[in-house]
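Worksheet for the structure shown next.
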Amino acid sequence: MQQINFRSLLIVIVLFLNSTILTAQTANADSVRLSLKQAEQLFLDSNFVLLAANYNIDAQKALVEQAKLLDNPILVTDQNIYSNNRFFEHAKDASTGNPQGQYFIQVQQLIRTAGKRSKLVNMASTNAAISELQFKDVLRTLRFQLRSDYYLLMQQLSNLKLLLEQQSQLDKLLLAMEQQLTIGNISQKDLLRLRAVVISLDQDITDLQKQIADTQADLKMLLRVTSNSFIVPVDQFKNPDSVNTNLDQLITIGKQNNPYYQIQQSQLIYQQQNLLYQKALKAPDLTIGPEYDHNSNYIPHYVGVSISLPLTLFNKNQGNIKSAQFNVKQQEAVGMQTAVELDNQIANAYNKWLLTIKQQMGTQHDFYEKYNLLFHKMTESYKQRQVGLLEYLDFFNNYQDAKIRLTKQQLNVQMAAAELNFFTGKDIIK
């Protein structure tokens, strides 16, 4: 009898330690209570990935300004260094009065033809626009991850609360059955069967706590929250707003707002601009400028103009033009594929949304409230020996499964809304 009591005490201690593990973690950590809106604002203010992407936009805008600048003029000079035992002799001969020494000065300016500079400005501007779209795409992806983790953490903590409540009920029931066993009112078999359920529940709680730790790590990384903090969502699952938009309208919205789709369209514009620029390179650039020659021409003071123009006899930029043409065709194919993918992604997300909403509307929420009351009554009925152990455990498992399915359904609704917003690039559902 003493051995049985010792085992019972050991089981109670183990269960107590396990049920308080989350409480202990939260007590040792700083709880950070956040609504989804607050989490998103913290994410925007502190995320390093967004900061790096924003710097890239500024860098590309600076290249637009650089492309607008004219080429610098080039100064060319040529002069004698040493003559008549003297350095840099540019004076006049004292006996004859003739000037001595020689120097040549020329200023050259490159003039780009065929609108090359404006074409480079257009390409740089398109690159800057692509950088902004890439920033929006990074923001969209990270925000979707943030919302997914937030909703998942809401579900996990809700399930943990359910399991801990059930554990508390079973702990009390186990203690009562230990007492009943000592006086011979129940069999050892029934006690062991209940202990097996308790051990299984304990393992479920441990597994769920590990999942919560992983979700916490992801959220902390996105929000730059310290590792010793514990994020607590304050929002509750609710039915999202209805959507009065059909599939065709959603696809149109997606093509107007989805950053990844717009990136591919902008890439096509860039390749088309590059093709125009490569064709413009066929036209030779002109170099022109004044020059002055002292003492080395047919007159002592020669003033003239210099003009140079390459002759495009062999290299007409044929290879680069052909390459640019293929790049345009390649990007056209990529753009069409992206359009098909976006249509399918929005259609799939929309259908999943309709299915989850249909299921949500068909759920009788008062059923779960009645189920909660019935669970406590069943526990009391078993304590009073009004129902058998098998009947009670069967009800216990069904109750747990129903409650977890409810939170899973609530999570599915939120995730379906988040996914549809993700692919359309706009918060259609709030």
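Computed quantities for the displayed model
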{"item": "Vicinal HN-Hα couplings computed from phi for the stretch 202-209 (Karplus, 6.51 cos²θ - 1.76 cosθ + 1.60; Hz; Gly/Pro x)", "result": "4, 5, 4, 5, 4, 4, 5, 5"}
{"item": "Other-chain or far-sequence residues with amide H under 5 Å of ILE111's (modelled H)", "result": "LEU286, THR287, ILE288"}
{"item": "Sorted peptide list for 50-62, 339-351, 416-428, criterion being average Cβ within 10 angstrom, highest first", "result": "416-428, 339-351, 50-62"}
{"item": "Eligible lysines near LYS189 by straight Cα distance, threshold 24 Å, same-chain separation 8 or greater", "result": "LYS172, LYS377, LYS383"}
{"item": "For SER229, residues with placed amide H under 5 Å, excluding near neighbours", "result": "ASP30"}
{"item": "Those chymotrypsin sites (Phe, Trp or Tyr not before Pro) in the stretch 273-314 that DSSP places in a loop and that have at most 16 other beta carbons within 10 Å", "result": "TYR298, PHE314"}
{"item": "Percent RCO, i.e. relative contact order, over the stretch 252-349, from Cα pairs under 8 Å lying at least 6 residues apart", "result": "37"}
{"item": "Given charges at beta-carbon only (K, R positive; D, E negative), |dipole| of the chain in Debye", "result": "540"}
{"item": "Those lysines that a straight Cα-Cα span of less than 17 Å connects to LYS210, excepting residues fewer than 8 apart in one chain", "result": "LYS161, LYS220"}
{"item": "CD proxy at 222 nm, helix term only [per DSSP H run n ≥ 4: -39500 (n - 2.57); per residue of the chain; nearest 500]", "result": "-24500 deg cm²/dmol"}
{"item": "Surface accessible to a 1.4 Å probe, per residue, for the residues of the chain, Å²", "result": "58"}
{"item": "Matching label, percent of Cα pairs over 41 Å apart computed from the structure shown, candidates [x] 26; [y] 30; [z] 51", "result": "[z]"}
{"item": "Dipole axis of the stretch 221-286 (+1 Lys, Arg; -1 Asp, Glu on Cβ), positive-most option in THR226, ASN257, ILE269", "result": "ILE269"}
{"item": "In order through the stretch 298-314: 3J(HN,Hα) via Karplus (6.51 cos²θ - 1.76 cosθ + 1.60), integer Hz, x for Gly, Pro", "result": "6, 10, x, 10, 9, 10, x, 10, 10, 10, 10, 8, x, 9, 7, 8, 10"}
{"item": "Rounded FRET efficiency, nearest 0.05, which uses the C-beta distance separating LEU309 from ALA62 and R0 of 30 Å", "result": "0.40"}
{"item": "Under 5 Å, built H, 5+ apart or other chain: amide partners of SER306", "result": "GLY289, GLU291"}
{"item": "Of all accessible heavy-atom area on the chain, the percent that carbon and sulfur account for (1.4 Å)", "result": "55"}
{"item": "Lys pairs, the stretch 241-334 - Cα-Cα below 16 angstrom, 8 or more residues apart or on other chains", "result": "4"}
{"item": "Derived scalar couplings ³J(HN,Hα) [the stretch 330-342; Karplus, 6.51 cos²θ - 1.76 cosθ + 1.60; whole Hz; x for Gly, Pro]", "result": "4, 5, 4, 5, 5, x, 5, 5, 5, 5, 5, 4, 5"}
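The values are calculated or read from the model by the stated rules, or taken from the named source; none is laboratory data. Predicted model only: the values in this text are computed from it and were never measured. As a convention, Cβ positions derive from the backbone with ideal geometry for all residues, glycine included, and neighbour counts pool all protein chains shown. Accessible surface is based on the protein model in full, side chains and every heavy atom, while ligands, DNA and RNA are left aside. Shrake-Rupley method; radii C 1.70, N 1.55, O 1.52, S 1.80 Å.
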